[in-house]
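The values are calculated or read from the model by the stated rules, or taken from the named source; none is laboratory data. None of these values were measured; they are calculated from a predicted model. Reconstructed Cβ throughout: ideal geometry from the backbone, glycine too, with neighbour counts over all protein chains shown. With ligands, DNA and RNA removed, areas are computed over all heavy atoms of the protein, side chains included. Shrake-Rupley method; radii C 1.70, N 1.55, O 1.52, S 1.80 Å.
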Protein chains: 2
Amino acid sequence: MEKIKVGVVGYGTIGKRIADAVILQPDMELVGVTAHSYNYRIDIAQEKGIPVFYLEEKNGLEKNCKLAGNLKALVNKCDVVVDCSPSPCGAENKAVYEELGVKAIFQGGEKSEVAQTSFVAQCNYEKSINKDYVRVVSCNTTGLSRSLKILDDLYGVTKVNATLIRRATDPGQVNKGPINAIVPTMELPSHHGPDVLTILPHIDVFTMAVVVPTTIMHMHNISAKVTKTPDLEEIKKKFKSTPRLRVVSAKEKITSTAHLAELGRDLGYSRGDMMDICLWEEGIAVKDNEVFFMQAVHQESDVIPENIDAIRAMMGMKDADMSMEITNTSLGLMNGKKKSKIQKTEVEPEKGLI
Amino acid sequence: MEKIKVGVVGYGTIGKRIADAVILQPDMELVGVTAHSYNYRIDIAQEKGIPVFYLEEKNGLEKNCKLAGNLKALVNKCDVVVDCSPSPCGAENKAVYEELGVKAIFQGGEKSEVAQTSFVAQCNYEKSINKDYVRVVSCNTTGLSRSLKILDDLYGVTKVNATLIRRATDPGQVNKGPINAIVPTMELPSHHGPDVLTILPHIDVFTMAVVVPTTIMHMHNISAKVTKTPDLEEIKKKFKSTPRLRVVSAKEKITSTAHLAELGRDLGYSRGDMMDICLWEEGIAVKDNEVFFMQAVHQESDVIPENIDAIRAMMGMKDADMSMEITNTSLGLMNGKKKSKIQKTEVEPEKGLI
């Protein structure tokens, strides 16, 4: 089988994770990544044997790194490029992808018009089959779409109100706040609600957002109006059995996003990530025709499996379930439960060691 | 070769890491761990096939867990027990280890009198050979001892002043502060200075400590008076080539403890830990007969390799370097540099996948 040749443009928070995830796919080959300037991540990429390409300028990269060529050289070798540049650089790079006739994925920071479709695998995989330009929506939109899709399939969702309690910035960012305030987002609805419409266009979603001093995860407090009488146990059961969702519980002593981060580390997930959207069992309720729930979204990683599935859709794989199964298995997303594993070292003790 | 049978008492921040590290050793066997009460970590231990024992009371553990016996049942099966209970429970458990005649390691939270020796592998491994009770000193004392030993070997250290900027609590703890203040420790010297004397008794160390709102790592700002004229380049070279120390640099865009945490994640370290003591290249200076340096200490993990080496010393391995080499190799601590690796998934794509 010919492997799908994938390039990753931008090697930051999302790019480095997608590059690792591509390497793990049995049907994909990582052609290389681009770097903007030198930092320790470039050393790690080189240790992993990942070819590093440069953008317009080398910016001194050549002093610390064996460069494999420029952006066009990378794109020319690829079937699909995953653009993880900070917005709006993705849209700016699109001219290169068009010129060279190479398919491209953009991230949720770009406007939806940059692509032919917006993508969440469990919601609308089939719309992106054989497309040339696809946008994987933001971490928050991905999280809202994954869980609302379940309720919509069960009962038909008509109206959603949600408050997003957003993390201030990513863990590695030390030059951004707030560090001691709650900052309301002065945009109503916040852009997240309308963005859900690119995935689930029939649901009326209104979102309000605040930013709080934490770097770990976002949280969403959601109420969803449904057309049938909702059944709490049925909802819990469905959430528990759906891949890429994970139901946790105060009974297990998981009562905060800090505990979810610790769970990701203890499970042995790459980088301690949490690609599943996490819902608290005690944080799900129904009243009349409304479903209430609280969920946590790991901003650095929940879109990683989506990007992998988008690659397969664009390359013509018709079976969404098969793509998701390959992705979930390779990334350890086992139906919301990952078997943790620890491997014995291969180092053999020298004879007569003790 | 008969493997060393190791039990871990207490399965919290340190205990869970030591249990994983023991599993990775070619010359050790993890007999089991004890748990105080049920939480998600117990599920993970069981998934890993680690036998779980209980303490005095089962505390409902039996409802969620197949229990392998009580504390005495565990101790009876071990050559060495590593006690990771919160202090002073370790000292209280000592009666059990004495009664059953089993060797035991205690952690740095316990008073030094609990054991025959205090231990940092690179400083005084030989003192613990064949001992029955050894105390691995705290994360901060371990960090101070590792780097000061280098300077002491080079130039002879006579006097050390240090300010410890301590993390408030561990990442998973959500019920402890401060979250918006600097809290000076009302104890001069702070207990860390005198504790270094249990490892390097000839060095006069005075420490002052403050607690700040972060969970990531401690930092130490240190000045050390030496008896010969110090050479900056020689010091940097020695720090760079010493295992369990890691010299990082602003040139690599590593300028904070947040970046060190990100580095640990990107390197693929278990749990994103950083078992090396990290020093900034730009944060090392000399003036007259004094050496100044800044280092960061990962409170959750720097003592893990020490516990492993202490086990071997107590079981009679005379060669400290050999023990450290086995430990470093198995835990990926390659001379301050770990080769990061990513392994292709073993999942085979089904035929005719696309």
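At pLDDT 95 or above and part of a strand (DSSP E or B) - does that describe any residue in the range A:89-104? Checked against the condition, which is being at pLDDT 95 or above and part of a strand (DSSP E or B), the range A:89-104 yields at least one hit.
A single entry from B:Asp43, B:Asp79 fulfils the requirement of being in contact with a Lys or Arg (Cβ under 6 Å, 6 or more places away or on another chain) and within 14 Å of another protein chain (Cβ to nearest Cβ): B:Asp79. In the set (1) in contact with a Leu (Cβ under 8 Å, 6 or more places away or on another chain); (2) over 17 Å from B:Ala310 (Cβ atoms), the condition left unmet by B:Met186 is number (1). When A:Asp266 is tested against (1) open to solvent by 20 Å² or more (accessible area, probe 1.4 Å); (2) over 27 Å from A:Val136 (Cα atoms); (3) not basic (Lys, Arg), only condition (1) is not met.
Listed here are the residues, each with its yes/no results for (1) surrounded by fewer than 19 Cβ atoms within 10 Å (Cβ to Cβ); (2) not charged (D, E, K, R).
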residue: A:Val102; (1), (2): no, yes
residue: A:Glu126; (1), (2): yes, no
residue: A:Asn130; (1), (2): yes, yes
residue: A:Leu148; (1), (2): no, yes
residue: A:Leu151; (1), (2): no, yes
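Out of the residues in the range A:22-40 meeting the condition of being more than 19 Å from A:Asn76 (Cα to Cα), out of contact with any Ser or Thr (no Cβ under 8 Å at 6 or more places or on another chain) and among the polar types (S, T, N, Q), tell me which one is farthest from the other protein chains (Cβ to nearest Cβ). By that ranking, first place goes to A:Ser37. The sole residue among A:Thr141, A:Thr163, A:Thr117 that is within 29 Å of A:Leu232 (Cα to Cα) and touching a strand residue (DSSP E or B) at 6+ places or on another chain (Cβ under 6 Å) is A:Thr163. When the range A:64-100 is filtered for residues that are open to solvent by 40 Å² or more (accessible area, probe 1.4 Å) and within 18 Å of A:Ile50 (Cα to Cα), the ones remaining, listed by number, are A:Asn64, A:Lys66, A:Leu67, A:Ala68, A:Asn70, A:Lys72, A:Asn76, A:Lys77, A:Asp79.
Before we move on, is A:Gln107 polar (S, T, N, Q) and either surrounded by 23 or more Cβ atoms within 10 Å (Cβ to Cβ) or touching a residue at least 60 places away in the same chain (Cβ under 8 Å) (or both)? When the stated conditions are applied, A:Gln107 passes them. Every listed requirement among (1) touching a helix residue (DSSP H, G or I) at 6+ places or on another chain (Cβ under 8 Å); (2) at pLDDT 95 or above; (3) under 26 Å from B:Met322 (Cα atoms) is met by B:Gln295 save one, (3).
If the condition is being touching a Lys or Arg at 6+ places or on another chain (Cβ under 7 Å) and away from chain B (no Cβ under 14 Å), then the range A:211-234 contributes A:Val211, A:His218, A:Lys225.
Within the set A:Asn289, A:Asn328, the sole residue that is of a type outside the set (D, E, K, R), open to solvent by 10 Å² or more (accessible area, probe 1.4 Å) and away from chain B (no Cβ under 14 Å) turns out to be A:Asn289. Here the condition is being at negative phi and either acidic (Asp, Glu) or at pLDDT 95 or above (or both); of B:Asp288, B:Asp276, it holds for B:Asp276 alone. Starting from the range A:3-21, take each residue that is away from every other protein chain (no Cβ under 12 Å) and list its partners that are part of a strand (DSSP E or B) and hydroxyl-bearing (Ser, Thr, Tyr), counting only C-beta distances under 7 angstrom and pairs at least six apart or across chains. Listed by first residue and then by second, the contacts come to A:Val9/A:Thr34; A:Gly10/A:Thr34. Can you tell me which residue among B:Lys318, B:Lys351 is at pLDDT below 95 and either in a loop (DSSP other than H, G, I, E, B) or not aromatic (Phe, Trp, Tyr) (or both)? Of the residues listed, the single one that is at pLDDT below 95 and either in a loop (DSSP other than H, G, I, E, B) or not aromatic (Phe, Trp, Tyr) (or both) is B:Lys351.
Restricted to the range A:164-186, and to residues that are touching a residue at least 12 places away in the same chain (Cβ under 8 Å), open to solvent by 50 Å² or more (accessible area, probe 1.4 Å) and over 20 Å from the mean Cα position of the chain (by Cα), which residue is nearest to A:Arg17 (Cα to Cα)? Only one residue fits best here, namely A:Ile179.
Residue check: is A:Leu260 modelled with pLDDT under 95, in the same structural domain as A:Val205 (by TED's automatic domain parsing) and among the aliphatic types (A, V, I, L, M)? Spelling it out, it is not the case that A:Leu260 is modelled with pLDDT under 95, in the same structural domain as A:Val205 (by TED's automatic domain parsing) and among the aliphatic types (A, V, I, L, M).
The requirement of being touching a strand residue (DSSP E or B) at 6+ places or on another chain (Cβ under 6 Å), under 27 Å from A:Leu197 (Cα atoms), not in a loop (DSSP other than H, G, I, E, B) and not assigned by TED's automatic domain parsing to the domain that holds A:Gly272 is not satisfied by A:Val22. Here A:Ile44 fulfils each of the conditions (1) outside any helix (DSSP H, G or I); (2) surrounded by fewer than 23 Cβ atoms within 10 Å (Cβ to Cβ); (3) of a type in the set (A, V, I, L, M, F, W, C) apart from (1).
Of A:Gln116, A:Gln122, A:Gln107, all but one fail to be in contact with a Cys (Cβ under 9 Å, 6 or more places away or on another chain), on the phi < 0 side of the Ramachandran plot and not assigned by TED's automatic domain parsing to the domain that holds A:Ile277; the exception is A:Gln107. Screening the range A:47-72 for residues that are under 27 Å from the mean Cα position of the chain (by Cα) and either part of a helix (DSSP H, G or I) or within 14 Å of chain B (Cβ to nearest Cβ) (or both) and picking the one that is farthest from A:Val33 (Cα to Cα) gives A:Glu47. Does A:Lys237 meet the test of being more than 9 Å from every other protein chain (Cβ to nearest Cβ), open to solvent by 30 Å² or more (accessible area, probe 1.4 Å) and charged (D, E, K, R)? So A:Lys237 fits the description; yes.
So, of the residues in the range B:187-214 that are open to solvent by less than 80 Å² (accessible area, probe 1.4 Å) and more than 17 Å from B:Leu148 (Cβ to Cβ), which turns out to be modelled with the lowest pLDDT? Once the filter is applied, the top-ranked residue is B:Glu187.
Every residue, every condition in (1) without any contact (Cβ under 8 Å) to a residue 40 or more places away in the chain; (2) more than 10 Å from chain B (Cβ to nearest Cβ); (3) more than 30 Å from A:Ser85 (Cβ to Cβ), yes or no:
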| residue | (1), (2), (3) |
| --- | --- |
| A:Pro243 | no, yes, no |
| A:Thr255 | yes, no, yes |
| A:Leu260 | no, no, no |
| A:Gly264 | yes, no, no |
| A:Asp273 | no, no, no |
| A:Glu281 | no, yes, yes |
| A:Asp302 | no, yes, no |
| A:Glu306 | no, yes, no |
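When the range B:216-226 is filtered for residues that are buried (at least 19 other Cβ atoms within 10 Å of the Cβ) and either acidic (Asp, Glu) or under 30 Å from A:Ile216 (Cα atoms) (or both), the ones remaining, listed by number, are B:Ile216, B:Met217, B:His218, B:Met219, B:His220. So B:Leu267 passes all but one of these: (1) at pLDDT 95 or above; (2) touching a Lys or Arg at 6+ places or on another chain (Cβ under 9 Å). Which condition number does it fail? Of everything listed in (1) at pLDDT 95 or above; (2) touching a Lys or Arg at 6+ places or on another chain (Cβ under 9 Å), B:Leu267 misses just condition (1).
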